[in-house]
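Engineer: Let me give you the structure first, and then I'll get to my questions.
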Amino acid sequence: NAGVTQTPKFQVLKTGQSMTLQCAQDMNHNSMYWYRQDPGMGLRLIYYSASEGTTDKGEVPNGYNVSRLNKREFSLRLESAAPSQTSVYFCASSENRGLDTQYFGPGTRLTVL
Amino acid sequence: ELKVEQNPLFLSMQEGKNYTIYCNYSTTSDRLYWYRQDPGKSLESLFVLLSNGAVKQEGRLMASLDTKARLSTLHITAAVHDLSATYFCAVGIGQFYFGTGTSLTVIP
């Protein structure tokens, strides 16, 4: 079991460029999440998908879009990257939304110049 | 807006000493999670506390939950260097709300 995997591990973008962060889980979990982690601010929820076919906004959704491609995969897209989106992005999954333990991927470190 | 506050934010302690990290939250919840994060790494689940008075222990770490006080504690007993990491609490209310983390350094 690989658990939760994310690609890429590192990325540098220029302002205005777009990119997609990929996430996959092999635990047959229903729910998946995207967080960003910034120094001194803990983790903040960007978007989540409670089940296949559904997505909802979290605390900080502006500037992002998501796609729940199937039960295993949940991608995060930055359409026009801004320096304020420089952060570490974590994908997580849980058996069901909200109350079950969430398992985290290794993270993607994104720098926007 | 739900607030989850941890203190201290930074903790430097000597090996062999005891200390407690506090996690306060601003609204009713009976689900509290503790995670550990090593530098440059992902988050690893430590404890899940599901009811008032719940206590969980693993090695030198013990977590407890007081839902009436909206407080969880993570107690470290006889700290060792391997415990150096950042510790996060998260409150579960529909989604997870994370505290800002406590960066723990154990000095030999």
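Where a number appears in this text, it was derived from the coordinates with a stated rule and is not lab data. Quantities reported herein were computed from a predicted structural model and do not represent experimental measurements. Note that each Cβ is placed from the backbone with ideal geometry, even for glycine, and that neighbours are counted across all protein chains shown.
Engineer: Can you classify chain B as rounded, prolate or oblate using the Cα gyration tensor, where a ≥ b ≥ c are the square roots of its eigenvalues, rounded means a/c under 1.5, and otherwise it's prolate if a/b beats b/c and oblate if not? Don't skip to the end; give the middle numbers.
Structural biologist: On the way: a/c = 1.92, a/b = 1.58, b/c = 1.21.
Note, shape of chain B comes out prolate.
Engineer: Excluding A:VAL88 itself, calculate the net charge of residues whose Cβ lies under 12 Å from the Cβ of A:VAL88, where each Lys or Arg counts +1 and each Asp or Glu counts -1.
Structural biologist: Working: positive: A:LYS9, A:ARG36, A:ARG44, A:ARG109, B:LYS41; negative: A:ASP38.
So the environment of A:VAL88 carries a net charge of +4.
Engineer: Sticking with this structure for a sec: Can you give the net charge of the other residues whose Cβ lies under 11 Å from the Cβ of A:GLY53, counting K and R as +1 and D and E as -1? All intermediate terms of the calculation are to be shown ahead of the outcome.
Structural biologist: Details: positive: A:ARG68, A:LYS71; negative: A:GLU52.
The answer is +1.
Engineer: Over the whole of B:33-45, what's the average partner chain Cβ count within 10 Å per residue? Rounded to a whole number, please. Could you put the intermediate results ahead of the total?
Structural biologist: Working: counts 4, 0, 4, 0, 5, 0, 0, 4, 3, 12, 10, 2, 4.
Other-chain Cβ atoms within 10 Å of each residue's Cβ, averaged: 4.
Engineer: Per-residue Cβ counts within 10 Å, from other chains only, averaged over B:92-102: what number is that?
Structural biologist: Details: counts 6, 2, 5, 12, 12, 5, 7, 2, 5, 6, 0.
Per residue, the average neighbour count from other chains is 6.
Engineer: Given the options B:GLN37, B:GLN57, B:GLN95, which has the most mean-square fluctuation in a GNM of chain B, springs set between C-alpha atoms less than 10 angstrom apart?
Structural biologist: B:GLN95
Engineer: At what distance in nm do the modelled label points of A:LEU69 and B:SER12 sit from each other, each positioned 7 Å from its Cα along Cα→Cβ?
Structural biologist: 4.6 nm
Engineer: Please identify the trypsin sites (Lys or Arg not before Pro) of the stretch B:1-57 that satisfy two criteria: DSSP loop assignment and at most 15 other Cβ atoms within 10 Å. Which are they?
Structural biologist: Values: sites: B:LYS3, B:LYS17, B:ARG31, B:ARG36, B:LYS41, B:LYS56; in loops: B:LYS3, B:LYS17, B:ARG31, B:LYS41.
The qualifying sites are B:LYS3, B:LYS17, B:LYS41.
Engineer: Under a Cβ-Cβ cut-off of 15 Å, what is the net charge of the residues other than A:THR111 that fall near it, where Lys and Arg count +1 and Asp and Glu count -1? Display every interim value, and only then the final one.
Structural biologist: Working: positive: A:LYS9, A:LYS14, A:ARG36, A:ARG109; negative: A:ASP38.
With Lys, Arg at +1 and Asp, Glu at -1, the net is +3.
Engineer: For chain B, set up a Gaussian network in which alpha carbons nearer than 10 Å are linked by springs, and say which option among B:LEU43, B:LEU32, B:LEU71 fluctuates the most.
Structural biologist: B:LEU43
Engineer: Among A:MET19, A:MET27, A:MET41, which one shows the biggest mean-square fluctuation in a GNM of chain A, springs joining Cα atoms closer than 10 Å?
Structural biologist: A:MET41
Engineer: Next question. Taking 8 Å as the Cα distance limit and 6 or more residues as the minimum spacing, I'd like the relative contact order of chain B as a percentage. If you can, show how the numbers build up before the last one.
Structural biologist: Values: 276 pairs, mean separation 39.7, N = 108.
Here the relative contact order equals 37 percent.
Engineer: Rounded, prolate or oblate for the stretch B:1-53? Axes are the square roots of the Cα gyration tensor eigenvalues, ordered a ≥ b ≥ c, and the cut-off for rounded is a/c under 1.5. Show your work: numbers first, answer last.
Structural biologist: Numbers: a/c = 1.70, a/b = 1.49, b/c = 1.14.
Cα axes put the stretch B:1-53 in the prolate bin.
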